[in-house]
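Q: Handing you this structure, nothing more for now.
The values are calculated or read from the model by the stated rules, or taken from the named source; none is laboratory data. Not measured: the values here are computed from a predicted model. Virtual Cβ from ideal backbone geometry, glycine too; neighbours counted across all protein chains shown. Ligands, DNA and RNA are stripped out before the accessible areas are found, and what is left, the full protein with its side chains, is counted by its heavy atoms. Shrake-Rupley method; radii C 1.70, N 1.55, O 1.52, S 1.80 Å.
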Amino acid sequence: MSTKLNLPKLFGYAGLAVFGIISLLPIWMALKTAITMPTDVFSTANSLWVNNPVFGNFLRVLGLPSDVPPPANSGSPINFMIALRNSVIYTGLLVTGQLFFSSLAAYAFARLRFPGRDAIFYSFIAATMIPSIVLFIPNFILIRQLGLLNSFAGMVAPNILMLPFAVFFLRQFFLSTPKELEEAARLDGLSWFKVYWHIALPLQRGPLATLAILLSIQAWNDFFWPFLVGQKENVQVMAVALANYQSQTGQGQPDWTGLMAAVMLSIIPVLILLVFFGRRIVESLQTSGMK
Amino acid sequence: MTGRSADKSVNADKGSGLFGNRLRRKEALTGYLFILPALIGLIAFFAFPTIRAAQISLTNWNLMRPAHWIGFDNYGKLWADGKFWDSMQITLLYVIYNIPLQTALGLIIAVLADRLAKSVLFRAVIIAPYLISNVVAGLVWLLMLDPLIGLTNAFLTGIGIPPQSFLSSPDQALISVAGISIWRHVGFTALLFYAGLQSIPRDLYEAARLDGASESAMFRMITLPLLRPVMVFVLVTSVVGSFQVFDVIAVTTQGGPANSTRAVLWYIYENAFQFSRMGYASAMSMVLFVFLILVTLLQMRLLRADSSDLG
Amino acid sequence: MKTLTHYLLVSAAVLAPTTVFAQDTVRYWMWDGQQAPVYQQCANDFEAMNSDIHIEITQTGWDQYWTNLTTSFISGDAPDVFVNHLMRLPEFAANQMIEDLTPLLAKASYDTSGYLPGLLENWSKDGAVYGLPKDWATVAVAYDRDKLKAAGLAPSDLADMTWNPENGGSFQKIIAHLTVDTNGKRGDEEGFDPNSVATFGLVLNPLSPQGETEWAYLAASTGWRFIDEPWSTHYNFDDPRLAKSLTWIRDLARVHHLMPTVEQTGRLGAETLMFSDKGAMTVTGSWLVGLYHQSKPSVAFAPIPAGPEGRKTMFNGLADSIWTGSPVKDAAWKWVQYLGSDACQATVAKAGVVFPAQQDQIETTVKAFEEKGVDVSAFTKVATSETTFAPPITDYGNEISSIVKAALEKVMLGQQKPEEILTNANEEVNSLF
């Protein structure tokens, strides 16, 4: 019995290991590039390790004194603390808003009855199907007319009130949860908002935490809109600052080592968030599992 | 598409006459209030620009000069534009490369993680590629897939497989782009499935196990049916997303070699911002929009999207 | 919920600082990060002389630069002055996005005679001038000194290379000799294994539509030109001389294996292959001298080979243009004049990054490069009217590029006869007009 169980399990673990390695290998290569001398990037591109690792690339993208001279195609150093602060504000505002407003709408779409509900819901899904290329010019003009260029308000405006993805996701979860508890609460005279806030939402802690993580990563990587609307340093987010290291000229190489060093630095805050939130998810799942 | 479970939720309020009507009206009002902020966002930043784009598609706007009304000329041109239809075909092929594999792998990883590795660490590992933006992911893979100096060919030749061209050959470029995209998104998909798996009551499995059900039987009889709402969501959003593939192509192949990766959004982008044909680009966007609506409706129909087997 | 939205938006608005615009702020956009500090120096010097004008320089990478510029035209927020590329000139001029500088030049009696011949002409159409030239670029052969030495060749052997589309002249012989397979056999030796090349004699970027560093210098040396006169509405991609030149490049890779095929080249470009010792020689633009010097100091430069009609390099150059919607045109014009002045051009020259547009700055620039230990004479030598040709400046530049790029890829992949591919592409290009 036990051997019969162990073989599939072994395969399972082997599969997980393979997926893990494939996930991490390119990220390791990015990290390896970040600790390579700029002149050695291409001669060491086909190996997993670099013989004389250097940490100067991290220093130089931060504008600190470094033993690695910036290559000729390098961008100007990033003001890391300011970009970090801006990214935290941007991501925090955006994700908080998205979670609240989207879950509210998702709840209504899943549980409340009102004329035109399904039509409105499908128009939310349809909103993901319009290529964003045609959206951003009218949106840019609107934000400019509102005087919100170079402000966090302008940067979060288009997506803070709703994200079709989040509305759709939460609706599916509300739909697949039994509603007896909520009905009982309604009979006890609780308002719809209180039912949503105190009963329905806490039941979705797991999905909400998952969504929070995914939306945060997404917001952290948002590039094009924050780039158009928030160019000034006091609102410039990390992803926009990173672009400095990509393509300086039409022809020629990006500053590989600088870019990868900056990327590695920029994902550290997200990693912290992930591990912190990840633990919270596990906890919330365990408590909800015990009920 | 009647929202069966939502209908039932008001059974408790079903009074008679005036009382019931008032309650129902209040419920409707609450519903509108709940969706109001989201609706404002939808109208201001999605519906309004979409209507503008529809207007622009009837003009010859070049982004700089005032636009002139040209009726349906752009649509006529589009109908005859072989490049547009080629790009639709390439996009369709890309979706076929991308979606089944990404969904299947995502599901497998989620089930394995649910059964074998509940630790946060594994999920952090699986989602790690998503931490890196599309652009950076494209660059890293560009380096790794380089035919002469890249790691991948060094590995392949090491185990006796001839070096491949990947992004440099018309036969492999689109598959390579799809591969990069799967690498970055599979953890995302897996995490969504994982959230869905966590919502399945554990006692169902225990009961089944007592009845002597095998692992595969439980997967077919419990997991898959109860996962359907999440599956619908994953399929609909990832299909729509992968029809709009752009970033990775922009970084790695720019539509080449020999137009083999010119997906529809890349062609729209070229027209809008490189050829300054915003009117034409808008017309193509409208066609893509309608096409995606049809695809999604079909998917929802096939997947019976609104019913949940649990409710 | 309304209040919450309101609160969120308001609190976000509070976080946004209020920007106070000085009386005359001239906004200046550029894409080259390498040059940004140099021009910041110019701006500081300029501000010291003009205390009522503030210069605000914004540098964004090439990839975003043009989309950003287009959006800013639409929203009426475009920079007062920006670095312009010839590729974009026709459409910006036709749509009256950039100022015709002729009246301003006349009023200021601005002396344009100092520019290298051809530069100002590139930026002119029908008597109007749409930008003041800021720099110029030519191409040269970049070779690895160590590999040259290992092959028993001297730099002087590269000084007078010849080329023709039939047998490749001495250029092809040198390429063959510089190619080494994994057994150490050279490309011109018996027993050379073409399927296992360690170092290619020549590496080129994936062919670009204008071919500046890949094919245009060869095709032009046969007498071929993109167009017969500036602003033409007819391209010559169907010319047999072009097909022959491209066939030679294709066969160098696919038949002789002295150059990586397009499938082998990857999308990272020729520099990466030079840096990683996969290439002994390439052709590069003067704008990459700094990168080579830093990343591969063993690389030196030799003049491009002379074809049947002599040496021909594309003569490209950037210019500063003024946006027609600028609210501070007077200040903008002052700044553009300063950018073209001896003072700023000398600052650029001393930085040794690019070649400034003024003829008499060449010497300073060459010296600045010399101090870094780089001999750039291969680039300056061909900066004459006899050895240069203008980039094709016509309407529909980007659309033509898209068509030609795909056609060139097909040629290099050996999909069809080059003549057929090019004739079809030419028809498609010419039907745009």
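Q: Please identify the DSSP H helices in chain A that span no less than 27 Å along the helix axis (Cα) and have a mean Kyte-Doolittle hydropathy of -0.5 or more.
A: Qualifying helices, which must be both long enough and hydrophobic enough, are A:2-34, A:80-111, A:256-290.
Q: Which of the three applies to chain B, rounded, prolate or oblate, going by the alpha-carbon gyration tensor with a ≥ b ≥ c and a/c under 1.5 meaning rounded?
A: Because a/c hits 1.5 or more and a/b fails to exceed b/c, chain B counts as oblate.
Q: Also, quick follow-up: How large is the dipole of the range A:80-290 about the Cα centre if only Lys and Arg carry +1 and Asp and Glu carry -1, each at its Cβ, rounded to the nearest 20 debye?
A: 280
Q: Could you sort out which of C:Lys296/C:Lys417; C:Lys185/C:Lys296; B:Lys83/C:Lys417 sit more than 32 Å apart by Cα distance in this structure?
A: The pairs that break the limit, which is 32 Å between Cα atoms, are C:Lys296/C:Lys417.
Q: I've got another one for you. Can you pull the mean other chain C-beta count within 10 Å for peptide B:156-163?
A: Counting Cβ atoms of other protein chains within 10 Å of each residue's Cβ and averaging gives 1.
Q: Compute the signed sum of charges (Lys and Arg +1, Asp and Glu -1) over the other residues within less than 14 Å, Cβ to Cβ, of A:Val41.
A: -2
Q: Given H placed 1.01 Å from N in the peptide plane, which residues other than close sequence neighbours of C:Leu116 have an amide H under 5 Å from its amide H?
A: Close amide H contacts, sequence-distant or interchain: C:Gln359.
Q: Please give the FRET efficiency for A:Trp28 paired with C:Ile227, using the beta carbon to beta carbon distance and R0 = 56 Å, rounded to the nearest 0.05.
A: The calculated FRET efficiency here is 0.65.
Q: How much mean residue ellipticity at 222 nm does chain C get from its helices, if each DSSP H run of length 4 or more adds -39500 (n - 2.57) and you divide by all residues, to the nearest 500 deg cm²/dmol?
A: -12000 deg cm²/dmol
Q: Below 14 angstrom from the Cβ of C:Gly317, what's the summed charge of the other residues (Lys, Arg +1; Asp, Glu -1)?
A: Residues near C:Gly317 contribute -3 overall.
Q: Can I ask one more? Arranged from highest to lowest average of other beta-carbon atoms within 10 Å per residue, in what order do the peptides A:187-196, C:396-405 appear?
A: Going from most to least packed, we get C:396-405, A:187-196.
Q: From the square roots a ≥ b ≥ c of the eigenvalues of the alpha-carbon gyration tensor of the protein assembly as shown, which class results: rounded (a/c under 1.5), prolate (a/b over b/c), or oblate?
A: Verdict is prolate for the protein assembly as shown.
Q: Here's something else I'd like to know. Enter the buried accessible area of the A/B pair, total of both sides, probe 1.4 Å, in Å² rounded to the nearest 100.
A: Chains A and B together bury roughly 8900 Å² of accessible area.
Q: Can you tally the net charge around B:Ile90? Count Lys and Arg as +1, Asp and Glu as -1, for every other residue whose Cβ sits under 11 Å from the Cβ of B:Ile90.
A: So the surrounding residues net to +1.
Q: Using label points projected 7 Å from each Cα along Cα→Cβ, tell me how many nm separate A:Leu187 and B:Glu206, to one decimal.
A: 2.7
Q: So for the pair A:Arg85, C:Glu371, with labels modelled 7 Å out along Cα→Cβ, what separation do we get in nm?
A: 3.8
Q: Among B:Gln274, C:Gln35, C:Ala94, whose Cα sits farthest toward the positive end of the charge dipole of the protein assembly as shown (+1 at Cβ of Lys/Arg, -1 at Cβ of Asp/Glu, about the Cα centre)?
A: So the residue furthest toward the plus end is B:Gln274.
Q: Is it possible to state the helix-based mean residue ellipticity at 222 nm for chain A, with each DSSP H run of 4+ residues giving -39500 (n - 2.57), the sum divided by total residues, to the nearest 500 deg cm²/dmol? What is it?
A: Roughly -20500 deg cm²/dmol at 222 nm, from the helical runs in chain A.
Q: Of the options B:Ala28, B:Met284, B:Pro49, report the single residue whose Cα projects farthest towards the positive end of the charge dipole of chain B (beta-carbon charges: Lys, Arg +1; Asp, Glu -1).
A: Projecting each Cα onto the dipole axis, the largest value belongs to B:Ala28.
Q: On to the next question. Read phi for every residue in the range B:283-290 and hand back ³J(HN,Hα) as whole Hz from Karplus 6.51 cos²θ - 1.76 cosθ + 1.60, θ = phi - 60°, with x for Gly and Pro.
A: The phi angles translate into 4, 5, 4, 5, 5, 4, 4, 4 Hz.
Q: Continuing with the same structure: Using 0.36 nm per residue of separation minus the Cα-Cα distance, give me the extension gain between C:Asn424 and C:Asn183 in nm, one decimal.
A: Length gained between C:Asn424 and C:Asn183: 82.5 nm.
Q: Another question, then. Classify the range C:279-433 from the C-alpha gyration tensor, please: rounded if a/c falls under 1.5, else prolate or oblate depending on whether a/b exceeds b/c.
A: It is oblate, given that a/c is not under 1.5 and a/b is not larger than b/c.
Q: If the limit is 29 Å between Cα atoms, which of C:Lys147/C:Lys367; C:Lys125/C:Lys367; C:Lys173/C:Lys381; C:Lys173/C:Lys367; C:Lys125/C:Lys329 go over it?
A: C:Lys125/C:Lys367; C:Lys173/C:Lys367, as the Cα separations exceed 29 Å there.
Q: In addition: Could you rank the peptides C:307-314, C:212-219 by their average count of other C-beta atoms within 10 Å per residue, with the highest value first?
A: Top of the packing list down: C:212-219, C:307-314.
Q: Can you tell me which aspartates and glutamates have their Cα less than 19 Å from the Cα of C:Lys350? Leave out same-chain residues fewer than eight positions away.
A: Result set, ordered by chain and number: C:Asp32, C:Asp45, C:Asp135, C:Asp342, C:Asp360, C:Glu363, C:Glu370, C:Glu371, C:Asp375.
Q: Per residue, how much accessible surface does the protein assembly as shown expose to a 1.4 Å probe? Answer in Å², no decimals.
A: 39
Q: A follow-up question, please. Nearest 100 Å² is fine: how much accessible area is buried between B and C, summed over both sides, with a 1.4 Å probe?
A: Accessible area lost upon association: around 3000 Å².
Q: In whole Hz, what ³J(HN,Hα) sequence does the range C:280-289 give by Karplus (6.51, -1.76, 1.60; θ = phi - 60°), x for Gly and Pro?
A: Per-residue couplings from phi come out as 9, 8, 8, 10, 9, x, 5, 6, 9, 4 Hz.
Q: Would you work out what percent of the accessible area of the protein assembly as shown, with all protein chains in place, is carbon or sulfur (probe 1.4 Å)?
A: 61
Q: So, by mean Cβ neighbours within 10 angstrom, what's the order for A:88-96, B:153-161 with the highest one leading?
A: Ranked from most to least packed, the peptides come out as A:88-96, B:153-161.
Q: Return the FRET efficiency for the residue pair C:Ser431, B:Leu298: r is the Cβ-Cβ distance, R0 is 41 Å, and the value is rounded to the nearest 0.05.
A: Efficiency for this residue pair is about 0.60.
Q: Here is a follow-up. For C:Thr25, list long-range residues whose amide hydrogen, built 1.01 Å from N in the peptide plane, is under 5 Å from its own amide hydrogen.
A: Sorted by chain and number, the residues that satisfy this are C:His54.
Q: Partner chain Cβ atoms within 10 Å, averaged over the residues of A:234-241 - can you pull that number for me?
A: Averaged over the peptide's residues, the number is 2.
Q: Return the lysines within reach of B:Lys26: Cα separation strictly under 21 angstrom, same-chain partners fewer than 8 residues apart disregarded; answer none if there are no such residues.
A: The qualifying lysines are A:Lys179, A:Lys194, B:Lys8, B:Lys14, C:Lys2.
Q: Moving to a separate point now. Show me the helices of chain C, taken as full DSSP H stretches, that run 27 Å or more along their long axis by Cα and average -1.0 or above in Kyte-Doolittle hydropathy.
A: Helices meeting the span and hydropathy rule in chain C: none at all.
Q: How shielded is A:181-191 by partner chains, expressed as the average number of their Cβ atoms within 10 Å of its Cβ atoms?
A: 2
Q: In deg cm²/dmol and to the nearest 500, what is the mean residue ellipticity at 222 nm of chain B if only DSSP H runs of at least 4 residues count, each as -39500 (n - 2.57), divided by the residue total?
A: Rounded to the nearest 500, it is -21500 deg cm²/dmol.
Q: Among all the lysines, which ones have a C-alpha under 26 Å from B:Lys118's C-alpha, if same-chain residues fewer than 8 places away are not counted?
A: Hits, sequence-local ones excluded: A:Lys4, A:Lys9, A:Lys291.
Q: Give the long-range amide H neighbours of B:Thr59: residues separated by 5 or more places, or on another chain, with amide H under 5 Å away, using H modelled in the peptide plane at 1.01 Å from N.
A: Counting only residues 5 or more places away or on other chains, the set is B:Ile70.
Q: Quick one: what are the phi-derived ³J(HN,Hα) couplings along the range B:54-59, Karplus 6.51/-1.76/1.60 with θ = phi - 60°, whole Hz, x for glycine and proline?
A: Running phi through 6.51 cos²θ - 1.76 cosθ + 1.60 with θ = phi - 60° gives 4, 5, 4, 5, 9, 10 Hz.
Q: So how far apart, in nm, are the two label points at A:Phe224 and C:Asp45 if each is 7 Å from Cα heading toward Cβ?
A: Label at A:Phe224, label at C:Asp45, 4.1 nm between them.
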